[in-house]
1. Using θ = phi - 60° and the Karplus relation 6.51 cos²θ - 1.76 cosθ + 1.60, list the HN-Hα couplings for the stretch 90-95 in order, rounded to whole Hz, with x at every Gly or Pro.
2. What does the charge count near Pro134 come to, summing +1 for each Lys or Arg and -1 for each Asp or Glu among other residues with Cβ under 12 Å from its Cβ?
3. What number, rounded to the nearest 500 deg cm²/dmol, is the helix-based mean residue ellipticity at 222 nm of the chain, given -39500 (n - 2.57) per DSSP H run of at least four residues and division by all its residues?
4. Between Asn175 and Thr231, what is the label-to-label distance in nm when each label sits 7 Å out along the Cα-to-Cβ direction?
5. At 1.4 Å probe radius, can you tell me the per residue accessible area of the stretch 1-123 in Å²?
6. Counting only protein chains, not ligands or nucleic acids, how are Val153, Val5, Val230 ordered by accessible area (probe 1.4 Å), most first?
7. Using the Cα gyration tensor of the stretch 152-272, with a ≥ b ≥ c the square roots of its eigenvalues, what is the shape: rounded (a/c below 1.5), prolate (a/b larger than b/c) or oblate (neither)?
8. Please work out the Cα convex hull volume for the chain and give it in Å³ per residue.
Amino acid sequence: MTHSVIRENAVAVITGAASGIGLATARALSSRGMRIVLVDLDPQSLATATESLAGPSICRAVDVADQDAINNLAESVFTEYGQVNFLMNNAAIRVAGSEDEGIENWHRTMQVNFWASVYAERAFLPRMIADRHPGIILNTGSKQGITNPPGNVIYNISKSALKTYTEQLQHRLRNIDSCHISAHLLVPGFTITGPHKPNPGGWSPEQLVAYMIPRLEQGDFYIICPDNEVTLELDAIRMEWAAQDIIDNRPPLSRWHPDWSDRFLAHLSDRN
């Protein structure tokens, strides 16, 4: 499905919009003439972000983990603009995720990184379908939700769940008669956001969004983003190896297993 969603006067709702990828997306869509609703926790950061946009926008300080707050957000946006054409579930948090991490942090991570997208879909999607306008739901995933590297367990779990959910959502949407809404999974590479210091290996949020938008417009579901350290070819090899663990009955996470890590490196060398 190709898209004409990114157009003048269309309405975009973006969570996690006060900084990073969310703000870069808001700026890019605003420069195309779209009306933007920026959603984040901190009112002051939101106000500053709103001032940086080229066109009309509103901001809403909302905890995306609060289902009632998301329902109220949807009601206010449809009242204000009458439609929503682009919904980006981008808000995310990251905790250490080890077995020593407090269980409340695990719950909060799942609420923000996974459940918030479910809440938003249920609040916005029925009206988006009923309006019969072309629309996009874009969920920000992670390569960690695909290759599952050891270390940040709960973050990986939340992003893995979001990947599966978004795939199922797109399957459902494409089987609804006369539905012009599609779901997409954004999978960033190493992107310099928030408090992280500039690093030559990473992309800026603006670089990522410049890569993302044409792929959305051509209808790609999986938007796997490279960076200055990892090519799309290397990403493909890593993802293929992870899937092959199941097929070949290897130990889980064999890329990091002492008996298999050298074999992965040899495989990588052969492919290159």
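The values are calculated or read from the model by the stated rules, or taken from the named source; none is laboratory data. All values reported here derive from a predicted model rather than from experimental measurement. Reconstructed Cβ throughout: ideal geometry from the backbone, glycine too, with neighbour counts over all protein chains shown. Please note that ligands, DNA and RNA were not included when accessible areas were found on the heavy atoms of the full protein model with its side chains. Shrake-Rupley method; radii C 1.70, N 1.55, O 1.52, S 1.80 Å.
1. 10, 4, 7, 10, 9, 10
2. Working: positive: Arg7, Arg132; negative: Asp131, Glu217.
It works out to a net charge of 0.
3. Working: 10 runs with 126 residues, N = 272.
Value at 222 nm, helices only: -14500 deg cm²/dmol.
4. Placing both labels 7 Å beyond Cα along the Cβ direction yields 3.9 nm.
5. On the way: 5390 Å² over 123 residues.
Solvent-accessible surface per residue comes out at 44 Å².
6. Working: Val153 65, Val5 0, Val230 20 Å².
Ranking Val153, Val5, Val230 by accessible area, largest first, yields Val153, Val230, Val5.
7. Details: a/c = 1.95, a/b = 1.28, b/c = 1.52.
Oblate.
8. Details: hull volume 38.1 nm³, N = 272.
Convex hull volume per residue, Cα atoms: 140 Å³.
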